C-alpha cells in the first residue's frame, strides 16, 4: 500500500512491536496497516483501506498490550531492560485500533487463533456452502480463511436461515443473500465512494439481509465495484455470472481503453477469450475502482466480426505479403499526397511509427478525430480515447474538426491516399462519395466500418489486450499495457504492420526496439524510469 | 569397486548337463500331458467369448450420473476440468432456465465433453467432484471410427452413467 | 490314391507306351511331388504343433480359433504372410538379400532326396535318389544351409542380423565337425555310405543301441545345426531382436521360417534313418503278415513318419524346456566336449570291430 501520509514531513510517528517485530508507522494508522508494514497479514472481511471502518466482521481480532506504568508514570522495565507489557484481557479488532507508542501486538497467540476459529464458525452458520455453483469460489475470502484459520467442521445442527437468492439489485449486480456475511463493504462503498446511497441492511439478528432501499436500484455507473469489494460470493456480476471459473482465468496487467483516464485493469482471459476486466489498484489513477461502462466494454474483442484476414479489394487476395506490397505500392505511388488518420486508440509506439511513415511518404495532413462523451467527477473522463495526449505529443492534429480538415484537403486535391488506423473517416465526417474517389485507402483496423468496407487494402490489427504498448492518460501519465493473448486468426499487431509499411529491409519489429527509439527521439520520454512504468506508470512532462 | 562373484563349483553331474536336462524335460512333459488331457482348471479366458468381470473399484470410462429423481447431478463447477491431468474435460456452464424443476440449483453444464482419446482413467475427476456427479464406470473398452466419436458429449456421458442415489441430498431444501 | 496312380503307371509301362527313362522320370517326379508335399504339410503343422504344445507346457491354450482345435491356423498364417506387403529395405544389398531365404530353404528340401522313407511300393524303392554316398550328400547340403543365414545377416546391412549371421557361421562350422565324427561309427558298422543299406543293416538291431554315444553327439549337433534351442544363438530374440532375419518380412520371412522347420524335419529323418531303423517296424514281421504288398509298403512309410513325428515332438519339447547356451558354453561344448567324444567313439568302435575280427 502507498504511504501517502508519510510524504508530508511533519508527521508524528509511533513505534510499536508486532509479533516481536519493531515497526515505526505514522500516527493514525490502524493495526492492520501496521502489521502489514511489519510483514504480517491480519485476516479481515469488512475492513477496506479506502472505506470507513465498519468493525463488524470481528475477523481481525488481535491481542494488544501496552507498557505497564509505574507509580512515577514511567514504564516498568524487566530485568533485561525491556518494558513490561500489560496485555489487555480482551482481544481488540485491528481495523479500529490505532497504533500507539510502545504498543505490542500479538497476531498468532492461542487466544487470537481461537477467536478467528470461532468467528469463522459463526460466519459459516448460515452459509449455504454452495461453492460448486458460486462464482466467487477460488477468490473467496471465506473459503481462504476457512481453510487457513477455520476449525474444519461445524457444530451447528439446527436449521439454517433461508434468505432470498438470485436477487437482482440492479441491471448489473445479482445478490445471493444466503452467502452474505454482512460486512457492509458494499453499503459503505455506495455511500462514500459512489455517493449513491442505495444499499442497506434490513431486519435484525440472523434474519438481517442486504437490499436496496424500496423503490431504488443499484444502477450507478460504479455498481460492479461492489462485486469486487464483496469478500464472499454474495454480490456477483450478472455479466460474468456462471461464465467461467476464476481459476481458469489468465490475469494480465492492462489498461482500460474506454476513456482518457486509463484505469489500471487486470484482464481475465482464457484461451484467447476475454471473460472480464477487473480494476487494478493504482492510487494515482483509479484507486481500486473502475466504472461499469469501461468494465463491460470488452465484448468487441471477441466479436465474430473481427477482421482476421488481410484483403486487397481489387484482387481479392488475402495474403499478408501481397497486401503489404500493395499497401507500399499505393504509398509510393502517392508520395507527397498521403493523409494519415490516426486514433487515440493507438499506442504511443504505433503513433511514433505512423509519424515516421508520414515523414517517409511526405504526408500532407496527420489527424486524429476526437471522441467525446459524458464524464463524471469520479473516474469517467469526457475524452473517450485512452491516448489523445500521446496523439498530441507525436505531432498529430487532434480535435472535433479533423473530418472537415481532411475533406478540405481532399477537395483541393492535395490527398490521394489515406491511411486510416483504428478510425473511420466516414464517422469523422468525411463524405463517403469523396472517399470513393481516392486513389488508395489503407485501413488498419479490428472491426468492420464504412472506411474498411471502402478500403483498397485492409490490414487486420489487434485490440489493446492483444498487444503491448503505452498510453498517455489525461494526467499525462505514461502507462504500459501487456498482451493477454495473440490476435485472432491472421490478424497481427499494429506495430508489426506499421513496421512493414516503410518498405526496404523492413524486418518484424521488436517492441522494445521501437520503444527505445521512440524514447530517444521524443524529448518528453528522456530517461524514463523503467520499473515504475511497467507497474504503475510514470508522469511525463512537455 | 569391482565386485567379484565367484562362480559356483559344479559337481560332475551338474557339468554333464544331462540330469538337469532330464529333470527339466520331466517337468515340462508333465505339464504338457496335464493340459493336453484337461486335468487342470484352465486360467486362460478366451477373450471375445469370455470376459473378465471388472473387479470392484475398476476405473473405466468417466461418466455423468443422475440421481434417483432423474436430476443431472453435475452443477458445472468445473473442478474436474481443472484437476484433469491430460485436460480431457471441457465444461461449458450455463444458468438453469427460471422455469426449470431444479431452478434452485441455478447452474448446470450446457455442454460437457470428455475426450476419451486424452483420458488417462486416473479418477481424479471422480475424486474431486463435490456433487458426486462424475463416476468412473465399468466400461473399459471404447472404440470409435473417428476421433470425434470418442469425444463423449453430455448425452453420451449421461447414458453411460445411469443413475446413482443421492447420498447427501444437498439441494433438497434449497 | 498313390496306389491307384502307381497302378496306372505300371499299366502304362506294360502297354509299352513309354521308354524306361521316361517311366523313371515320371515315377521320380511323382515321388518328389509326394515327398515335398508331405514335407511342406509337416512343416506347416509342426509350426501349429509347436505353438499348441508350448502353450500346454506353459499352461496356456495356444491358437485354437481357426477351425477345429485351430487346425486351419497354418492356412491363415500362410495367407497372412502371402498377402503382406513385400518390403525391400533401402539399405540392404538387394541381390543377396532376396537370395538368402531361398538358399536357406533349398538345401533342406534337397537333403530329403537321399532319405529312404519306406521299403518298396509296387516294386519301386521308396527313396528319390538312391545315392551310394547318401550321407555325404546330406552333410554337404547341410553345410550349404549356413550360407543362407550368413548371407542374410550380411546382406541386411544392419547390426543385429550381422551378429546373428556371424554367430551362425561360427556355430554351424563348429558343430559340423562333431556331427561328422559322430556318424563315422555308424558307417564303420554298416559298411556303406548308402542310407538304404544303413537301414537294411538295422533290421535286427537299431544302431542307437550299438552307438549310444554317437547318437547323443549326433543329436546335440543336429539341434545346433538346425538353430533350435538351446542353440538358437543366431536368432536370440532377447539379445538380437530376431537375429539374421530381423530385416525380413512377408514371404521372405516365411521362407526362413519354413526353412527352419524343414531343417527340423530333415534332421529328424536323418536321425531316424541312421539310428532308429529308418522305415523298419520293430518286433513285427510286417511282410509275413501282410505279404509283399502295397499295404505293407504303406505301413513302412507310416512307421517312418511316426518315428519322424516323435523326433519333431522331441525338438519342440526341448525348445520349451531348455534355456539358451551362453556363447562360450556353446563353443566349449562343441570343441572341448563333443569333438573329443566323437573321436573317442570312433576309437571304441574301431576297437570293438577289431576285437570281433
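As an equivalent ellipsoid, chain C spans semi-axes of 34, 28, 20 angstrom, where each value is the square root of five times an eigenvalue of the C-alpha gyration tensor, largest first.
Between residue A:84 and residue B:92, what FRET efficiency comes out of the Förster formula 1/(1 + (r/R0)^6) with R0 = 41 Å and r the beta carbon distance, rounded to 0.05? It comes out at approximately 0.05. Legend: Rg and Dmax of the stretch A:214-297, from Cα coordinates, 13.0, 43 Å. For a Förster distance of 56 Å, can you work out the FRET efficiency between the beta-carbons of residue C:136 and residue B:42, rounded to the nearest 0.05? With a Förster radius of 56 Å, E is 0.65. Each label was represented as a point 7 Å from its Cα along the Cα-to-Cβ direction; for residue C:213 and residue A:490 these points are 9.0 nm apart. Translational D (Stokes-Einstein, µm²/s) of chain A at 20 °C and 1.002 mPa s when Rh comes from the Kirkwood sum over C-alpha pairs? The calculation lands on 81 µm²/s. The Cα atoms of the stretch B:1-91 define a convex hull whose projected area, averaged across directions, is 16.5 nm². A helix-only calculation puts chain A at -6500 deg cm²/dmol for mean residue ellipticity at 222 nm, using -39500 (n - 2.57) for each DSSP H run of at least four residues, averaged over all residues.
Global size of chain B: 27.7, 93 Å for Rg and Dmax (C-alpha atoms, Rg to one decimal, Dmax whole).
Taking the DSSP bridge list for the protein assembly as shown and keeping only pairs wholly inside it, about 70 percent are antiparallel. Segment residue A:305..residue A:139, full-extension length gain: 56.4 nm, with 0.36 nm per residue of separation and the alpha-carbon distance subtracted. Which residues among the stretch A:107-129 fall inside the zone where the amide N is under 18 Å from a point 7 Å beyond the Cα of residue A:201, along Cα→Cβ? Counting backbone N atoms under 18 Å from the label point, the list is A:119-128. Pull out the extension gain between residue A:333 and residue A:250, defined as 0.36 nm times the separation in residues minus the alpha carbon to alpha carbon distance; nm, one decimal. Residue separation times 0.36 nm, minus the Cα-Cα distance, leaves 25.4 nm. Which values of log₁₀ I(q)/I(0), to two decimal places, follow from the Debye formula for the protein assembly as shown at q = 0.07 Å⁻¹ with a uniform point scatterer at every Cα? Taking Cα atoms of the protein assembly as shown as identical point scatterers yields -0.85. For chain B, the 222 nm mean residue ellipticity estimated from helices alone, with every DSSP H stretch of n ≥ 4 adding -39500 (n - 2.57) and the total spread over all residues, rounds to -6500 deg cm²/dmol. Residue separation of residue C:166 and residue C:203 scaled by 0.36 nm, minus their Cα-Cα distance, works out to 9.1 nm of gained length. For the peptide A:412-424, the mean number of other protein chain Cβ atoms found within 10 angstrom of a residue's Cβ is 0. Contact order, relative form, for chain A: 10 percent (alpha carbon pairs under 8 Å, 6 or more residues apart, mean separation divided by residue count). Taking all C-alpha pairs of the stretch C:170-257, those more than 14 Å from each other amount to 71 percent. Each Cα pair of the stretch A:311-539 feeds into the Kirkwood radius, which the Stokes-Einstein equation turns, at 37 °C and 0.692 mPa s, into a diffusion coefficient of 184 µm²/s.
Scaled to the globular estimate 2.2 N^0.38 Å, the Cα spread of the stretch A:132-243, given as radius of gyration, is 1.08. A compact globular protein would have a Cα radius of gyration near 2.2 N^0.38 Å; the ratio found for the stretch C:274-357 is 1.65. As a proxy for reagent exposure, ranking C:244, C:97, C:327, B:47 by other Cβ atoms within 10 Å from fewest up yields B:47, C:327, C:97, C:244. Distance between the C-alpha centres of the stretch C:123-179 and the stretch A:516-542: 87 Å, rounded to the whole angstrom. Computed from label points 7 Å out along Cα-Cβ, the spacing between residue A:73 and residue C:331 is 10.8 nm. Between C:205, C:303, C:32, the residue with the greatest mean-square fluctuation in the GNM of chain C (Cα pairs under 10 Å linked by springs) is C:205. Roughly how far apart, in whole Å, are the Cα centres of the stretch A:104-138 and the stretch B:79-114? Between the Cα centres of the stretch A:104-138 and the stretch B:79-114 lies a distance of 28 Å. Over the stretch A:271-357, the hull volume per residue, using the convex hull of the C-alpha atoms, is 169 Å³. For chain C, relative contact order (Cα pairs under 8 Å, six or more residues apart, normalised by length) works out to 22 percent. Label sites at residue C:157 and residue A:447, each approximated as a point 7 angstrom past Cα along Cα to Cβ, lie 6.5 nm apart. From a point 7 Å beyond the Cα of residue C:38 in the direction of its Cβ, which residues of the stretch C:76-115 have a backbone N at a distance under 14 Å? Answer for the stretch C:76-115: C:112-115. Neighbour counts of C-beta atoms inside 10 Å place C:268, C:293, A:237 in the sequence C:293, A:237, C:268, starting with the fewest.
Estimated from the Cβ-Cβ distance and a Förster radius of 51 angstrom, the FRET efficiency linking residue B:172 and residue C:250 is about 0.15.
Averaging 1/r over each pair of different alpha-carbon atoms in the stretch A:34-178 and inverting the result gives 18.0 Å, the Kirkwood hydrodynamic radius. For the stretch B:95-174, averaging the sequence separation of C-alpha pairs within contact (under 8 Å, six or more residues apart) and dividing by the residue count gives a relative contact order of 33 percent. When Rg and Dmax are taken over the Cα atoms of the stretch C:120-169, they come to 17.5, 54 Å.
When shorter helices are ignored and each DSSP H run of at least 4 residues is given -39500 (n - 2.57), the per-residue value for chain C at 222 nm works out to -22500 deg cm²/dmol. Return, ordered by residue number, the residues of the stretch A:74-101 whose backbone nitrogen is under 14 Å from a label point located 7 Å along Cα→Cβ of residue A:13. Hits in the stretch A:74-101 for residue A:13 at 14 Å: A:101.
Every read-out reported here was derived from the displayed coordinates using simple, explicitly stated rules and does not represent laboratory data. What you see is a predicted model, and the numbers here were worked out from it, not measured in a lab. When we count neighbours, we look across all protein chains shown, and the Cβ atoms used for this are built from the backbone with ideal geometry, even at glycine.
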